[in-house]
Amino acid sequence: MIELSHIRKVYPSANGEIVALEDIDLSIPDGAVFGIIGLSGAGKSTLVRCINLLERPTAGRVLIDGEDLMKVKKKRLLEIRRGIGMIFQNFNLLGQRTVEANVRFPLEIAHVPRAEAKERIAKLLELVGIADKAKAYPSELSGGQKQRVAIARALALNPKYLLCDEATSALDPNTTAAILSLLKTVNRTLGVTIVVITHEMKVVESICTDVAVIDKSRIAEQGKVEEVFAFPRSEIAKELIIPNLIRSIESAGGKKFRLVFNGEEADMPIVSALAMECGAAVNILYADTKNIDGKTYGHMVISLPSEEKEETVKRFLTQKNVVFKEEL
């Protein structure tokens, strides 16, 4: 388990201290795909680099499986880091090395026997889907292929944890989807705990089991993805999850409701049922649903031109176990 306790990170500057992180508390359970989401400059990249002490916190504790990295000696820190792989937005491949030589690099540093390394490299390249590119150089690869090499390299030492710092930000949507699918496979087949840093909600929705929302150097809220997605509490989470369009819609009259689909009711014909069973003339102001781990989640904003059906509609939604909120 990864545990961060009261993490603070301050950078000195000519104009005084810059606080990048303030009083961060996080627990990332083994086997999770844990998303950390926030706007640019919120502190999320600094946070993930504090996990393996690429950035050393100004204060607080970083515990990996109960061992405080802030207190261990350098030799022990290097040993612990071997169990923490990391991939970056810009791939960080060695341009003068082939694909297999890039993956071999951490194995060389760890003095893994060449025969064992060769076998491990072959398995990893097969896992990430680029076994046919073993002799190619980074300049000959697409962005998605480069990231697959980076993932294979990060897995070379059989890490327990994998840190992904905006790993899909430089990729097109189709390639992003393929890389996220690969990361999900890595998590499920190898049991690697993955920490995903991103500013894109679609990344969190695609693969994460848990999420923390960071805003202005602090954790605004955290929880299971489906819970945070359905009921965002903080303003920053609402901004990231529920588009401003929903909150800015103006209706000529009547009551407005936000319906929340939590993976169980999204296939129900809610609107037609309201019209047929309740006789309610419902206007759809906004609708957006997404697939998260095989289940459908989303929001729908409806309005009732006439308030006379309001109580009938609320009873119907309650009976059908549809979560709703009167708002907007």
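Which one of Leu4, Ser142, Ile236 has its Cα pushed farthest toward the positive end of the charge dipole of segment 2-236, where Lys and Arg give +1 and Asp and Glu give -1 at the Cβ? Positive-most Cα among the choices belongs to Ser142. Over all other residues within a Cβ to Cβ distance under 12 Å of Pro173, the charged ones net out to -1, with Lys and Arg as +1 and Asp and Glu as -1. Take the Cα of Asp30, step 7 Å toward its Cβ, do the same at Lys238, and the gap between the two points is 4.0 nm.
Spin-label pair Glu67-Asp172: with each label point 7 Å from Cα along the Cα-Cβ axis, the two points sit 4.4 nm from one another. Screening the chain for whole DSSP H helices of 24 Å or more along their axis (Cα) with average Kyte-Doolittle hydropathy at least -0.5 returns 173-190. Holding the Cα-Cα limit at 31 Å, pick out from Lys9/Lys75; Lys184/Lys256; Lys44/Lys75; Lys160/Lys202 the pairs that are longer than that. As for pairs spanning more than 31 Å Cα to Cα, those are Lys184/Lys256. Computed over the chain, the Cα gyration tensor eigenvalues convert (square root of 5λ each) into semi-axes of 43, 24, 16 Å, ordered from largest to smallest. For the chain, a crude dipole built from +1 on the beta carbon of Lys and Arg and -1 on the beta carbon of Asp and Glu, taken about the Cα centre, is about 1480 debye to the nearest 20.
Once the GluC sites (Glu not before Pro) in DSSP loops with at most 14 neighbouring Cβ atoms within 10 Å are cut out of the chain, the longest remaining piece is 18-249.
Restricting to Cα pairs below 8 Å that are 6+ residues apart, what does the relative contact order work out to for the chain? Please round to a whole percent. After rounding, I find 18 percent. In this rough spin-label picture, where each label sits 7 Å from Cα along the Cβ direction, the Ala275-Tyr11 distance is 5.5 nm.
Remark: the Arg188-Met1 segment gains 65.7 nm on full extension, using 0.36 nm per residue and subtracting the alpha carbon distance. Here the sum of -39500 (n - 2.57) over DSSP H runs of 4 or more residues, divided by the residues of the chain, equals -10000 deg cm²/dmol at 222 nm, to the nearest 500. Within the straight-line cut-off of under 25 Å between alpha carbons, the lysines reachable from Lys135 are Lys118, Lys123, Lys146, sequence neighbours fewer than 8 places apart in one chain being disregarded. Rounded to the nearest 5, the antiparallel percentage of DSSP beta bridges internal to the chain is 70%.
Rule-based calculations on the coordinates, nothing more; no lab input. Fair warning: this is a prediction, and the values are worked out from it, not measured in the lab. Please note: Cβ atoms are built from the backbone with ideal geometry, for glycine as well, and neighbour counts cover all protein chains shown.
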